[in-house]
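K.L.:
Just dropping this structure here.
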Amino acid sequence: MHIMEGFLPVEHAVGWSVASAPFVAYGLYAVKKRIRENPEQRMLLGVAAAFTFVVSALKLPSVTGTCSHPTGTGLGAILFGPAAMAPIGMVVLLFQALLLAHGGLTTLGANIFSMAIVGPFAAAALFRLARSLKLSFAVGVFIAASMADLLTYVTTSLQLAWAFPDPAGGFVASFAKFAGIFAITQIPLAISEGLLTVVIFNALIRFNPQELKDLKLLDGSEAHA
Amino acid sequence: MLIEQSAYANRWRKASPAAKGIFALGGFCAAFAAGAPAAAVVVALLIAAATLAGAGIPSGRYLRAVTPAFFFLGISCLSLAFSLRLDDGTGELSLALTPSGMQKVAEVSARSIAALTALLFLVLTTPLTDLIALFRRLKTPEVLLEIMVLCYRMLFVLSAAVHDTLSAQSARLGYATPRLAIRSLGGLAANLTLQVWQRAHALHMAAQARNNDGPLRFLEPVFANSGRDAIIATAAGSALVALAVGWS
């Protein structure tokens, strides 16, 4: 769920861009370092961005019958790391604005913050937490992917509530309204995205365990599951 | 992709991208500077007229590009229009339509629509390759540009792969039930995930074979009359801003 072009007041649009900038800058620094150590990564990130764009355009079968799309942030964060997801997510969101008129240029900063920063960092942290708690790989992936999706939409609701507080109930009432409306589509979507991501990793484990071991996502014992 | 087709085939394809960017920027400024919703609506109509009549974008295609954004606008305005109230005495939650809420809806949706028309003007008249060249001239970090160029290229390669896989899976009833659909979609995405590394490796090999020493280099497209275009765009953009600010 992207905030559309021109929806946020100018102070909020600028503020969220300023808030996102250090994350994107750090992501670029991290990416540059990775490219210097391993030149092959230069191509990988561009292809990863295209992959994220294409995955987020897939149609998910949803319980409520509405046509919905996965965010792909959880999957990307587990595969490519959260720091790299900030610049990748920025390019994906920019392309969605320029190629699909989905999202916008003035709201790019706010959308980067929710989809390319909060989502991936939450996914990576939850995935690591689940692994350290000795939860199974599939449970970790499900929690990471569905919570990344859910937290992205909570962040979007917070951004909208902050920009448009309710005249009577203020920020809290406004958040309840935005979150309530988005919950109808986003909670089933978060569950389907979590399931889809688990199915993706199951397929990868079955057919391509070596690649996952190279990414240090699996240890040796699980690779033959 | 809908917007791509117009971007490559419109009357202003050969106009300088910088000029089109300046006009769109004028549109954005006018959208935010507009004192009254009516002013923003007029700005939106003028930009849409420039896109339809000037650049010659078919109106049906324009409408189809606008529709998804209107869906978001609709549900967001719904929550702006209604005010959530907690009654202290009874503890009941109630929703009420308020005049101040309607005022806000008019203001925000007019601004959004004006900004959306400015975005659509830019993307419907300018192909992404020209925009990336413009970003390069605006000194965007090289790494970001490389991600953009590769992403744009691989987008269509991966889309074709998705399309072919979907056809093959559908032909085998892979999407007959929701359960099968999730399974098929998972298989598709897993296959695509592997292609990320395979295709990146192939690109790397191809670049190595051509003695690539690091950065990817590109020729800049040349636009005749870019000076003239920039002057016209600046004048038109300023006129929009003046109209939005001066409206009373």
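K.L.:
For segment A:147-175: of the residues being in contact (Cβ under 8 Å) with a residue 40 or more places away in the chain and open to solvent by 10 Å² or more (accessible area, probe 1.4 Å), which is farthest from B:GLN103 (Cα to Cα)?
P.N.:
Within segment A:147-175, the subset in contact (Cβ under 8 Å) with a residue 40 or more places away in the chain is A:147-150, A:152-153, A:155-156, A:159-160, A:162-163.
Subset that is open to solvent by 10 Å² or more (accessible area, probe 1.4 Å): A:147, A:150, A:153, A:155, A:162-163.
Details: A:MET147: 36, A:LEU150: 31, A:TYR153: 26, A:THR155: 26, A:TRP162: 18, A:ALA163: 15 Å.
Ranking the qualifying residues of segment A:147-175, first place goes to A:MET147.
K.L.:
How many residues, within segment A:130-146, are free of Cβ contacts under 8 Å to residues at least 60 places away in the same chain and part of a helix (DSSP H, G or I)?
P.N.:
Within segment A:130-146, the subset free of Cβ contacts under 8 Å to residues at least 60 places away in the same chain is A:130-136, A:139-140, A:142-143.
Applying the additional criterion that residues be part of a helix (DSSP H, G or I) yields A:130-132, A:139-140, A:142-143.
Residues flagged as free of Cβ contacts under 8 Å to residues at least 60 places away in the same chain and part of a helix (DSSP H, G or I) within segment A:130-146 amount to 7.
K.L.:
Using the structure shown, decide if B:LEU188 is under 30 Å from the mean Cα position of the chain (by Cα), in contact (Cβ under 8 Å) with a residue 60 or more places away in the chain and either in the same structural domain as B:PHE156 (by TED's automatic domain parsing) or within 30 Å of A:LEU58 (Cβ to Cβ) (or both). If you could, list the steps in order and put the result at the bottom.
P.N.:
Working: under 30 Å from the mean Cα position of the chain (by Cα): yes; in contact (Cβ under 8 Å) with a residue 60 or more places away in the chain: no; either in the same structural domain as B:PHE156 (by TED's automatic domain parsing) or within 30 Å of A:LEU58 (Cβ to Cβ) (or both): yes.
No; evaluated as a whole, the condition is false for this residue.
K.L.:
Taking segment A:145-160 as the region of interest, how many residues are over 18 Å from A:GLY103 (Cβ atoms) and either at pLDDT 95 or above or polar (S, T, N, Q) (or both)?
P.N.:
1
K.L.:
Conditions: (1) facing chain A (nearest Cβ under 9 Å); (2) open to solvent by less than 20 Å² (accessible area, probe 1.4 Å). B:LEU78 meets all but one. Number of the miss?
P.N.:
(2) is the only condition that B:LEU78 fails.
K.L.:
Please specify each residue of segment A:2-22 satisfying the condition of being at pLDDT below 95 and of a type in the set (Phe, Trp, Tyr).
P.N.:
Result: A:PHE7, single match.
K.L.:
Sticking with this one: In the set A:LEU94, A:LEU100, A:LEU108, which member is more than 10 Å from the chain's Cα centre (by Cα), open to solvent by 50 Å² or more (accessible area, probe 1.4 Å) and within 11 Å of another protein chain (Cβ to nearest Cβ)?
P.N.:
Result: A:LEU100 is the single residue among A:LEU94, A:LEU100, A:LEU108 that is more than 10 Å from the chain's Cα centre (by Cα), open to solvent by 50 Å² or more (accessible area, probe 1.4 Å) and within 11 Å of another protein chain (Cβ to nearest Cβ).
K.L.:
Tell me which of these B:HIS204 doesn't satisfy, since it passes every other one: (1) of a type outside the set (A, V, I, L, M); (2) within 24 Å of A:PHE201 (Cα to Cα); (3) assigned to a helix (DSSP H, G or I).
P.N.:
Tallying (1) of a type outside the set (A, V, I, L, M); (2) within 24 Å of A:PHE201 (Cα to Cα); (3) assigned to a helix (DSSP H, G or I), B:HIS204 fails exactly one: (2).
K.L.:
Being at pLDDT 90 or above and surrounded by 11 or more Cβ atoms within 10 Å (Cβ to Cβ) is true for just one of B:ARG199, B:ARG183. Which residue is that?
P.N.:
Details: B:ARG183 fails: at pLDDT 90 or above.
Exactly one of B:ARG199, B:ARG183 is at pLDDT 90 or above and surrounded by 11 or more Cβ atoms within 10 Å (Cβ to Cβ), namely B:ARG199.
K.L.:
Among the residues in segment A:166-185, are any within 10 Å of another protein chain (Cβ to nearest Cβ) and basic (Lys, Arg)?
P.N.:
yes
K.L.:
Further, regarding this structure: For the list (1) within 21 Å of B:LEU203 (Cβ to Cβ); (2) in contact (Cβ under 8 Å) with a residue 12 or more places away in the chain; (3) among the hydrophobic types (A, V, I, L, M, F, W, C), I need the number of the one condition that B:LEU119 fails.
P.N.:
Failing condition for B:LEU119: (1).
K.L.:
Additional query: Scan segment B:207-229 for residues that are open to solvent by less than 30 Å² (accessible area, probe 1.4 Å) and in a helix (DSSP H, G or I) and jot them down.
P.N.:
B:ALA207, B:ASP229
K.L.:
Same structure, new question: Can you find a residue in segment B:36-58 that is surrounded by 16 or more Cβ atoms within 10 Å (Cβ to Cβ) and either at pLDDT below 80 or more than 30 Å from B:ALA233 (Cβ to Cβ) (or both)?
P.N.:
No, every residue in segment B:36-58 fails to be surrounded by 16 or more Cβ atoms within 10 Å (Cβ to Cβ) and either at pLDDT below 80 or more than 30 Å from B:ALA233 (Cβ to Cβ) (or both).
K.L.:
Take segment A:190-218 and flag every residue that is farther than 16 Å from A:MET147 by Cβ and in contact (Cβ under 8 Å) with a residue 40 or more places away in the chain. Break it down stepwise before answering.
P.N.:
Of all residues in segment A:190-218, those farther than 16 Å from A:MET147 by Cβ come to A:199-200, A:202-218.
A:ILE200, A:ASN202, A:ILE205, A:LEU215, A:LEU217, A:LEU218, listed by residue number.
K.L.:
Has segment A:21-33 got any residue that is in a helix (DSSP H, G or I), among the small types (Gly, Ala, Ser), in contact (Cβ under 8 Å) with a residue 60 or more places away in the chain and within 10 Å of chain B (Cβ to nearest Cβ)?
P.N.:
yes
The values are calculated or read from the model by the stated rules, or taken from the named source; none is laboratory data. All values reported here derive from a predicted model rather than from experimental measurement. Don't worry about glycine lacking a Cβ; one is built from the backbone with ideal geometry, like all the others, and counts go over all protein chains shown. The accessibility values were calculated without ligands, DNA or RNA, using every heavy atom of the protein model including side chains. Shrake-Rupley method; radii C 1.70, N 1.55, O 1.52, S 1.80 Å.
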